[in-house]
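Report on the structure given below.
Coordinate-derived values only; no laboratory data. These figures come from a predicted structure and were not determined experimentally.
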Amino acid sequence: MAKKGQTKATATKRSKQQRAYNSSPEQKKRRAQRNAARAKMEKEGKVSKGDGKDVDHKDKNTSNNSNGNLRVKSKKANRADNRSTGGRKKKGAKK
């Protein structure tokens, strides 16, 4: 087993790149902001662990965790809604 901070001998190039990306300070900060938004909604009773829901930022700014900017959406709807940031394209949409 690999020690802390090391990768397995069988790790792929992609997994090494992903680990480096996820451990960058910028990504750690953004992940903490998203986690804080979810915790806020859990405290208000709007979501719960394992409910299959996402906390959506209406303005797509993860640092804006104000009540007016957060809403609960299904995972499918939230991830399809983020088309402008690389999400799924709308069915029947013109190219």
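Checking the Cα-Cα distances for Lys4/Lys29; Lys3/Lys28; Lys13/Lys73; Lys13/Lys75; Lys40/Lys76; Lys8/Lys58 against a 32 Å cut-off, the pairs over it are Lys13/Lys73; Lys8/Lys58.
From Cα pairs below 8 angstrom and at least 6 apart in sequence, can you work out the relative contact order of the range 1-78, rounded to a whole percent? So the answer I get is 23 percent.
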